[in-house]
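Participant: I'd like to ask some things about the structure below.
The values are calculated or read from the model by the stated rules, or taken from the named source; none is laboratory data. What you are looking at is a predicted structure, and each value in this text was computed from that prediction instead of being measured. Cβ: placed from backbone, ideal geometry, glycine included. Neighbour counts: every protein chain shown. Just so you know, the surface numbers come from the protein's heavy atoms only, side chains and all, with ligands and any DNA or RNA stripped out. Shrake-Rupley method; radii C 1.70, N 1.55, O 1.52, S 1.80 Å.
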Amino acid sequence: MATRATRAICRRLPRQTRTRRCFALPITRRPLFPGFYKTVVIKDPEVIRAIKDLAESRQPYVAAVLLKDEEADTDRIQSLDEIHQVGVFSQITNVYHTSPTGPGDDAPSLTAILYPHRRVRISGLVNDSDSPSTTAAATTAAPVSTTESDAVTKPATAPDAAVAADADKPETASEPTGSPQSYLRSKYNVSVVHAETLHDEPYKKGNQLVRAITAEIVNVFKDIASLNPLFREQISAFSVSQASTTIFDDPSKLADFAAAVSGGSDSEELQGVLESLVIEERLQKALYVLKKELVNAQLQSKISKEVESKIQKRQREYYLMEQLKGIKKELGMESDGKDKLLEKFKERIQYATLPATVATVIEEEMQKLGHLDPASSEFNVTRNYLDWLTCLPWGKYSQEVLDVEHAQQCLDEDHYGLKDVKERILEFIAVGKLKGTVEGKIMCLSGPPVVGKTSIGKSIARALGREFYRFSVGGLSDVAEIKGHRRTYVGAMPGKLVQALKKVQTENPLVLIDEIDKLGRGLQGDPASALLELLDPEQNSSFLDHYLDVPLDLSKVLFVCTANVLDTIPGPLLDRMEVIQLSGYVADEKVAIAEKYLAPQARIASDTKCSMQQQLDRAIEDLIRYYCRESGVRNLKKHIEKIYRKAAFKVVSAGANAEPLQITPANLKDYVGNPPFSGERLFEHPPAGVVMGLAWTAMGGSSLYIESVLEAPLTTESKPALTKTGQLGDVMKESSMLPVNGSRAEGAGQCASDRPETVPKSTHTESPPPPAPPDGPSAGITMATSLISLAANTPIPPHIAMTGELTLSGKVLKIGGLKEKTIAAKRSGITTILFPAANTADWAELPDFVKDGIEGRPVEWYSEVFDACFGEAVARGEFAKNAWPIVSAATATAVLADMPGTAAGSPPASIGGA
């Protein structure tokens, strides 16, 4: 009898009725049996929400029924014809969410553990009007799948004692008003059925047929347990659960257990056991499915013995071969060094995890080598081939360290600044920690020279605990360097990747491919095309080297590439890489790098006294300002090493009378010579027609001046002309005509109507050479401002620099490289930058130390540029106040004749934009 506590729980659970409304959950492949746990996976969102609702309302009960079609794809029942009429009333004991299982499976799912309590018969579906029906409007959803591995055949006691107590209560003839699950159809698009509880037919405990079949089932269990250890454990667990009674007292439980643990029977046979309410019939069907399981176990045992016999035969052959070798050695019959060579190859691969194809090739080549004459040329080719095959690290991996704090420490120790780059690398490692590995990504570090691209690759390898290998492909024009040579050629060798694996002796190193933007192309093929297979995570798992001629798994290798520019990298190759941009260093960063890294290294290399370090720190800022203005720190490193070499020479020359050296800004030129840069800017106060522009180059950001001048006086007979000089790329030469026409329109609108001569008629534009040609549209507003400044004879403020392309209508277009250009402006002492409004987001992402001391003003139309450059002059009435006068042609000819080197009647002038 149930205790008081059990009765109290029962009052909180739904009452047992003969026919009741119940939430239905269809399952596939095999039915559930009372008393044995089962795991199901639910993917329909509506069903998932309904199950959560049931759990919250303390009604976690479902009617689990088997679908007739094993390939059915539904969590809801459309018709009674889809399911078997007999199922089980089950309690949901536990649920937990599971993640998607594959590329095509992107919907969340719910895993539920069911404990079946009793058999039920489904008499009909409940439709929206709560009337029994044979059909229900339900949408087909994802399957509820159950597999043999999901079944937990340990027969545990019922999760809730109230359910067992509730089953013993007398049932009413109809469902009570307000069923606990009656609201489901109105709230969720799920299946609700009319379920009728089924009871076993009564039988006599002394029935001889029942006892005989029960005894036979026990004997079959013993036979299966002797063949299958898994069954032995399940039978032991079942015996423990039935310790209080004998199996003959509850044969129905034994029949259900036999059906639950049988994995070789089809769903129809198992459903037959579930539908049998007569004990004798259920036992016979359970014995049948158990006999089939015994046949499967015997077949498995036979196969296992055959495999074991083959292994013993090989072991016997190996033992005899070892004895034969020993006998030959004792008799002095051991052959030449060929056997030792084969023995060396076998020792190399003894503990290696070889792929099947590689093991087959090695075995065939070793047999071939054993029959070749050592004096033949084929012997040397085969020996070298085996040497490469056996020295590779098959199945050897270095232990990865996916620790974000450790990676942060390694990056900070090796590099100063580069905050955004470090954050991107730490994010990459954090994702790898969640996945368990960082494979499948190819990173490309792009930036000016000497900003730390190669050393960042070393730091990543040290942070991950991987081996590091670097090779450069700059100027590489032979595909064989990547894919290897054919073995038929004399002196053939594998490609660089195979050589890398041989050196590092691990299959998951970090390989740095340096200077990938400088790949060559010659008669030996296109190396960039060969890298497409190497740097594709979907293809490099079976990379085929021409020399090895066996698939090589490179999917565990982490590739890091470096480049100065991305324009020269082929599009398909660039598409396979994740680009991380590295910008140049500002002066403050250079000072910190010199003090923390470069100066201590140079001091140790020259063995100079430590006291000199403090003296050098005073001169580093001047060294950067007047000697080393490039984006990187290579030139700065050379100058610091030069200072320490000269200091070492002075110390040695002075001998015992050497005094402590003091390097100050005043005596800095005694160590590194005269400074190549005398000031921050070329023009401290630029004249009319001179405007500072900003450009992005492969060397980083650069500031350059656009200069415009009149070549001849303005006359009534002058014709508009434009002359372009300087190192302008093709794109800038074409785009220079846009600001000319735009400046004419802007100048005509801004100048007085009685001064049309302020619009330039004959001009000349020149651009002095920056460190690299700034080819690309980004100097449109600079050229237009230079022309307007020349036409109005009004200079712009000296603290303004600008970048942006201009359309004929005055629209300022977006540009690239804003960070590099801002760094260049800061090096030149600029305090105000005009940039396109479309780059506002790029400006917001710049670090604070880059924007410190600089005002960024986004402009969308050229009128805003005009206001920033000439607004104060217009307000003071000085704009175009001293515009160029128009003279007669005769006066202009006389003036030109008086000028040296100019002939009368020479053509008008040209415009120069620097």
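Participant: Which residues, taken from segment 273-312, are buried (at least 22 other Cβ atoms within 10 Å of the Cβ) and small (Gly, Ala, Ser)?
Facilitator: Across segment 273-312, the qualifying residues are Ser276, Ala286.
Participant: Select, from Ser377, Ser398, Ser459, the only residue that is open to solvent by 80 Å² or more (accessible area, probe 1.4 Å) and hydroxyl-bearing (Ser, Thr, Tyr).
Facilitator: Working: Ser398 fails: open to solvent by 80 Å² or more (accessible area, probe 1.4 Å); Ser459 fails: open to solvent by 80 Å² or more (accessible area, probe 1.4 Å).
Going through Ser377, Ser398, Ser459 in turn, just one is open to solvent by 80 Å² or more (accessible area, probe 1.4 Å) and hydroxyl-bearing (Ser, Thr, Tyr): Ser377.
Participant: Collect the residues in segment 66-84 that are without any contact (Cβ under 8 Å) to a residue 60 or more places away in the chain and either more than 42 Å from the chain's Cα centre (by Cα) or assigned to a loop (DSSP other than H, G, I, E, B) (or both), keeping them in residue-number order.
Facilitator: Filtering segment 66-84 down to residues without any contact (Cβ under 8 Å) to a residue 60 or more places away in the chain leaves 67-69, 71, 79-83.
Answer for segment 66-84, where residues must be without any contact (Cβ under 8 Å) to a residue 60 or more places away in the chain and either more than 42 Å from the chain's Cα centre (by Cα) or assigned to a loop (DSSP other than H, G, I, E, B) (or both): Lys68, Asp69, Glu71, Ser79, Leu80, Asp81, Glu82, Ile83.
Participant: Please enumerate the residues belonging to segment 577-599 that are closer than 17 Å to Asp517 by Cα and surrounded by fewer than 20 Cβ atoms within 10 Å (Cβ to Cβ).
Facilitator: Once the filter is applied, which keeps residues that are closer than 17 Å to Asp517 by Cα and surrounded by fewer than 20 Cβ atoms within 10 Å (Cβ to Cβ), segment 577-599 yields Glu578, Val579, Ile580, Gln581.
Participant: Still on this structure, I have one more. Do we find a residue being open to solvent by less than 60 Å² (accessible area, probe 1.4 Å), more than 24 Å from Leu787 (Cα to Cα) and not assigned by the TED database to the domain that holds Ser446 anywhere in segment 824-834?
Facilitator: Checked segment 824-834: at least one residue is open to solvent by less than 60 Å² (accessible area, probe 1.4 Å), more than 24 Å from Leu787 (Cα to Cα) and not assigned by the TED database to the domain that holds Ser446.
Participant: How many of the residues in segment 202-212 are under 30 Å from Ile83 (Cα atoms) and surrounded by 12 or more Cβ atoms within 10 Å (Cβ to Cβ)? Walk me through how you get there before you give the answer.
Facilitator: Initially, segment 202-212 is screened for residues under 30 Å from Ile83 (Cα atoms), giving 202-203.
Narrowing the set further to residues that are surrounded by 12 or more Cβ atoms within 10 Å (Cβ to Cβ) leaves 203.
The qualifying residues number 1.
Participant: Next question. For the subset of segment 345-371 comprising residues that are hydrophobic (A, V, I, L, M, F, W, C) and without any contact (Cβ under 8 Å) to a residue 24 or more places away in the chain, which member is most open to solvent (accessible area, probe 1.4 Å)? Even if it seems obvious, please write down each step before you answer.
Facilitator: Taking segment 345-371 first, the residues hydrophobic (A, V, I, L, M, F, W, C) are 345, 349, 352, 354, 356, 358-359, 361-362, 366, 369.
Going one step further and asking which of them are without any contact (Cβ under 8 Å) to a residue 24 or more places away in the chain, we end up with 356, 359.
Details: Ala356: 79, Ala359: 39 Å².
Selected residue: Ala356.
Participant: What pairs can you find where one residue is in segment 552-566 and modelled with pLDDT under 90 and open to solvent by 10 Å² or more (accessible area, probe 1.4 Å), the other is in a loop (DSSP other than H, G, I, E, B) and polar (S, T, N, Q), and their Cβ atoms are less than 8 Å apart, with a gap of 6+ or different chains?
Facilitator: Note: pairs meeting the criteria are Lys556/Thr437; Lys556/Asn508.
Participant: For Lys483, which of the numbered conditions (1) open to solvent by 50 Å² or more (accessible area, probe 1.4 Å); (2) within 27 Å of Ala359 (Cα to Cα); (3) of a type in the set (D, E, K, R); (4) modelled with pLDDT under 90 fails to hold?
Facilitator: Here Lys483 clears every test but (1).
Participant: Next question, about the same structure. What are the residues in segment 568-588 that are assigned to a loop (DSSP other than H, G, I, E, B) and at pLDDT 85 or above, if any?
Facilitator: Thr568, Ile569, Pro570, Arg576, Met577
Participant: Every residue in segment 626-647 that is in contact with a helix residue (DSSP H, G or I) (Cβ under 7 Å, 6 or more places away or on another chain) and surrounded by 18 or more Cβ atoms within 10 Å (Cβ to Cβ), please.
Facilitator: Looking only at segment 626-647, we keep the residues that are in contact with a helix residue (DSSP H, G or I) (Cβ under 7 Å, 6 or more places away or on another chain), and these are 627-629, 633, 636-637, 639-647.
Scanning segment 626-647 gives Tyr627, Cys628, Arg629, Val633, Leu636, Lys637, His639, Ile640, Ile643, Tyr644, Ala647.
Participant: Continuing with the same structure: For segment 498-540, which residues satisfy the criterion of being hydrophobic (A, V, I, L, M, F, W, C) and either under 19 Å from Ala563 (Cβ atoms) or in a strand (DSSP E or B) (or both)?
Facilitator: Leu510, Val511, Leu512, Ile513, Ile516, Leu519, Ala528, Ala530, Leu531, Leu532, Leu534, Leu535
Participant: Only one residue in Glu855, Glu878 is farther than 30 Å from Leu710 by Cα and modelled with pLDDT of 75 or more. Which one?
Facilitator: Values: Glu878 fails: farther than 30 Å from Leu710 by Cα.
Selected residue: Glu855, the only one of Glu855, Glu878 that is farther than 30 Å from Leu710 by Cα and modelled with pLDDT of 75 or more.
Participant: Next question. Which helices (runs of 4 or more DSSP H) sit wholly inside segment 300-397 and have at least 2 residues that are of a type in the set (Lys, Arg)?
Facilitator: Numbers: elements: 337-348, 356-371, 377-391.
Per the criteria, 337-348.
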